[in-house]
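The values are calculated or read from the model by the stated rules, or taken from the named source; none is laboratory data. This is a predicted model, so every value here is computed, not measured. Positions of Cβ are backbone-derived with ideal geometry, glycine not excepted, and every protein chain shown enters the neighbour counts. Each accessible area value is taken on the protein alone, full model and side chains, heavy atoms only, with ligands, DNA and RNA left out. Shrake-Rupley method; radii C 1.70, N 1.55, O 1.52, S 1.80 Å.
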Amino acid sequence: ILARPCARVSNFEMNFAINDCDGNLGEKKCNPCCSICCGLILIIVAPFVIWNTEGDYVKTLKALDAAGKSAIEPCTFSEDGSCNDCKVGDLKNGDLVFFACSFSNMRTLSALATEDKSFDIDAIRPAVGGLQKAVAFRWTAEMYQWRQTRGDDNPLQMAFDAESDCPAASRYDDDNDSGATKRRALCCQPGKVGYIKFQRKYYGKGRICKPWQGAPMPKIEEGRLQAEMATDLSMVFADGDAAKETAATPSANMALAETEDMEDEDLLEDEDDDLDHESMARRLLRGPPSSNSRRRTVFTCNFPCYDWQLTWTSKAEPDPKAWAQLPSEIPEVGYLPSAAGNLNLPFSGSKGYLENTQDSVKIGGLTLSGFKPVTNKLSYISSTTQQVKGTGGEDLTIGASSQEKWKGMNYTSYTRENDWTSKEANAQQNCLVSRRSTGYKVGDLRICFERADITEMSVIAAVKQGGAGPELVVSKDHLRADTAMRIQDQGFRMRKNSIISLEQMLAEEKGSNESLLYAGRIIGPIILWLAFYCCLQPIVWLVDKCGDSIDGIPCVGGCLGLLADFVETLVGILICIVSCCLGLGCGLFAMACAWLYYRPLIGICLLVLSLCFFAAVAYYAYSTRDPNKGRRRSSARQPAVGAAVELREGNVQPAAAMPMAAAVAVPQPQLFQVQCPQGCAPGSQILVTTPDGRQVSVQVPAGVSPGQAFQVQA
């Protein structure tokens, strides 16, 4: 096996060099103490997760079952949500009720302007109109104006790898340049390779970062960029020998060959004095950049990025003359300091109809002012406006304007003192706009409307009797599960803009409850797996240290190091398998304990079934064991007597020995079978011949009848 040659170093550095030449530069194993501490923490966390997963499931399931039994349905269920003939007069405080209804007493934009006059710009109110009903509305005014959308407070950030993207700084990493200041100085300044890449990708007309006046460097030409990034790097070794030119590689092709980089060599040499011996040796032994390097050389650069747009904004933007940087490719800008005589930015408003009154929005006859899940969490969508007859048809004009040449741009200053009225309010989608066409100009105005998106719902909640009638509120006694890990609705269940039956809602809730249960049953054992893996990880650390020691042996260290790496891999796989088995076993045990606590009857039944299963497995293993094992223990084991034994007349008869073909556990003594001769009873002495030719006298064991075979060990 050939290894990559190392840089030449002194004998004093030989052991260190061998380690680094194996590609382990920068590799760090987890500290055993930290690994064990993490494992112990996870061992504490995992049972908590498993226990409360089972407990939260049982508690939530009980709450849902109780709600299904006690919930009252005052209205006859209808899939269209009509909810006619609702009987709410007999409801009492705290009763749990179920409604699946569309809201009643909702309003439109026309009612917003004519009935309660919540829209407080009198001159525009006649143009406010729409037919879409909602429980609440909100609106915001905007003006079309110039805006700097990106500036000094929002630079563009790019990530670079010193070895592949900026070879001029490849000798630095997080160990000897912790703040990346040296790498940024060599790569991110104007004219450097990082700045060139930034300009090629993000800077220019039509890109994220628009050209601005006084930029450090114009966009570089393609040919010049290729020429400045074509020079290969060279290595400098510790003994001061002449450097070798490295072969061009994909990672080295991005090298920057500029005069400024050559001038930076003195700076780099001065900074090298700050490096410790280990960092210096790593740099010298690193060799050409490769994909196997584990040095941390990635860093980020922030580049100035500016952008300007002519767009709708809800607040008055600063005068373009106050911009920190000025665009170089925008020929004309304009500015209007005041929106209109009766409109100052920012301007917004809202109106809801959920108050506890007789004419407020209701569901099945119950008001919603006390039901916080709806009143506090309204979400909005666009509300289509309708052109009211007799309004619109004109454009809001600008009173006066002045123009000047400023910083290479045509600068226009607008003034307007007249009010914005309904005559200039033209309906476009969900907005009233001060211009009839979509060719907007600086100073154009619009007011956009939104409505609450909820118009119907299916809900389980409680009833509260109030002065203006019954209200829908969050229950204090029902649908409350004291869960430890779940963030869920307490005291109610709701489906926005959905009409479903009570049975469907409870089925969905139970399905969600089971999904969380199965997720917890998977996560808990995985946490235990990681816990045991962390606790056993020091074994891998110990094997790695032994491998490092073996790797330093001269001549044979490389081969032995490869063998040590292979052993380390096997140990890691074995620890992973063992920790997995331990995690799954302990996780299942914790689940069983939780079921015994939360559902004793079910838990006991499961425990009995599991014990029966293990008993069946044990019985099967016992019944299928080798029957010869028991007989082998009771077989007659007689010592050898050498030559033929003189038999007493009438008591000893020769017997034919039948050698057993079974394998013998040890060479001596031998086990063979003998057939009891006719006329011999238990206790009789018989003479047999062993397979190796010896003759021995044995006693017929108890329970053996003539003609029956028995085993002899001699």
Subject >> All positions within the stretch 348-381 that are surrounded by 18 or more Cβ atoms within 10 Å (Cβ to Cβ) and of a type in the set (Val, Ile, Thr) >> reply: Val361, Ile363, Thr367, Val374
Subject >> Lone unmet requirement of (1) within 30 Å of Thr297 (Cβ to Cβ); (2) out of contact with any Lys or Arg (no Cβ under 8 Å at 6 or more places or on another chain); (3) open to solvent by less than 40 Å² (accessible area, probe 1.4 Å) for Cys166 >> reply: (2)
Original post:
Of all residues in the stretch 397-419 being open to solvent by 70 Å² or more (accessible area, probe 1.4 Å) and either touching a Leu at 6+ places or on another chain (Cβ under 7 Å) or acidic (Asp, Glu) (or both), which is farthest from Val128 (Cα to Cα)?
Top reply: Lys407
**OP:** Take the stretch 320-347 and flag every residue that is of a type outside the set (Phe, Trp, Tyr), closer than 18 Å to Arg147 by Cβ and surrounded by 14 or more Cβ atoms within 10 Å (Cβ to Cβ).
**Re:** Pro320, Gln325, Leu326, Pro327, Ser328, Ile330, Val333, Gly334, Leu336, Ser338, Ala339, Leu345
**OP:** Scan the stretch 340-368 residue by residue and report those that are more than 30 Å from Val135 (Cβ to Cβ) and not in a strand (DSSP E or B).
**Re:** Gly341
**OP:** Starting from the stretch 312-333, keep only residues that are under 20 Å from Ala215 (Cβ atoms) and small (Gly, Ala, Ser), then list their pairs with residues that are open to solvent by 80 Å² or more (accessible area, probe 1.4 Å) and in a loop (DSSP other than H, G, I, E, B) whose Cβ atoms are within a distance under 7 Å, requiring at least 6 positions of separation or different chains.
**Re:** Ala324/Asp152
Subject >> Any chance Leu64 is at pLDDT below 95 and not basic (Lys, Arg) >> reply: no
**OP:** Take Leu562 and decide whether it is more than 29 Å from the chain's Cα centre (by Cα), open to solvent by 80 Å² or more (accessible area, probe 1.4 Å) and free of Cβ contacts under 8 Å to residues at least 60 places away in the same chain.
**Re:** no
Original post:
(1) over 40 Å from the mean Cα position of the chain (by Cα); (2) modelled with pLDDT of 95 or more: which one isn't true of Asp90, the others all being true?
Top reply: (2)
**OP:** Report, ordered by the first and then the second residue, all pairs with beta carbons closer than 7 Å, sequence separation of six or more or different chains, a first member in the stretch 186-207 that is under 19 Å from Ser328 (Cβ atoms), and a second member that is of a type in the set (A, V, I, L, M, F, W, C) and surrounded by 22 or more Cβ atoms within 10 Å (Cβ to Cβ).
**Re:** Tyr195/Cys188
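Let's see how each residue does on (1) within 30 Å of Trp51 (Cα to Cα); (2) touching a Leu at 6+ places or on another chain (Cβ under 8 Å); (3) modelled with pLDDT of 95 or more:
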| residue | (1), (2), (3) |
| --- | --- |
| Leu445 | no, yes, yes |
| Gly466 | no, no, no |
| Pro470 | no, yes, no |
| Arg486 | yes, yes, no |
| Ala507 | yes, no, yes |
| Gly511 | yes, no, yes |
**OP:** May I ask you to verify whether Leu517 is at pLDDT 85 or above, more than 27 Å from Cys33 (Cα to Cα), in contact with a helix residue (DSSP H, G or I) (Cβ under 8 Å, 6 or more places away or on another chain) and surrounded by fewer than 19 Cβ atoms within 10 Å (Cβ to Cβ)?
**Re:** yes
Original post:
Which condition breaks for Lys117 when tested against (1) surrounded by 19 or more Cβ atoms within 10 Å (Cβ to Cβ); (2) closer than 30 Å to Asn342 by Cβ?
Top reply: (1)
**OP:** Could you tell me whether Glu394 is among the acidic types (Asp, Glu), part of a strand (DSSP E or B) and open to solvent by 30 Å² or more (accessible area, probe 1.4 Å)?
**Re:** no
Original post:
Based on what the data block shows, is Ile487 in contact with a Gly (Cβ under 9 Å, 6 or more places away or on another chain) and open to solvent by 70 Å² or more (accessible area, probe 1.4 Å)?
Top reply: no
Subject >> Flag if Ala134 is surrounded by fewer than 22 Cβ atoms within 10 Å (Cβ to Cβ) and small (Gly, Ala, Ser) >> reply: no
Original post:
Before we move on, is Ile499 closer than 30 Å to Ser360 by Cα and touching a Cys at 6+ places or on another chain (Cβ under 9 Å)?
Top reply: yes
**OP:** For the stretch 314-367, enumerate the residues that are over 25 Å from Asn410 (Cα atoms) and of a type in the set (Val, Ile, Thr).
**Re:** Thr357, Val361, Ile363, Thr367
Original post:
Among the residues of the stretch 469-479, is there at least one that is open to solvent by 40 Å² or more (accessible area, probe 1.4 Å) and more than 30 Å from Gly520 (Cβ to Cβ)?
Top reply: no
**OP:** Looking at (1) part of a helix (DSSP H, G or I); (2) open to solvent by 40 Å² or more (accessible area, probe 1.4 Å), find the lone condition where Pro538 falls short.
**Re:** (2)
Original post:
Somewhere in the stretch 382-391, is a residue over 52 Å from the mean Cα position of the chain (by Cα) and surrounded by 14 or more Cβ atoms within 10 Å (Cβ to Cβ)?
Top reply: yes
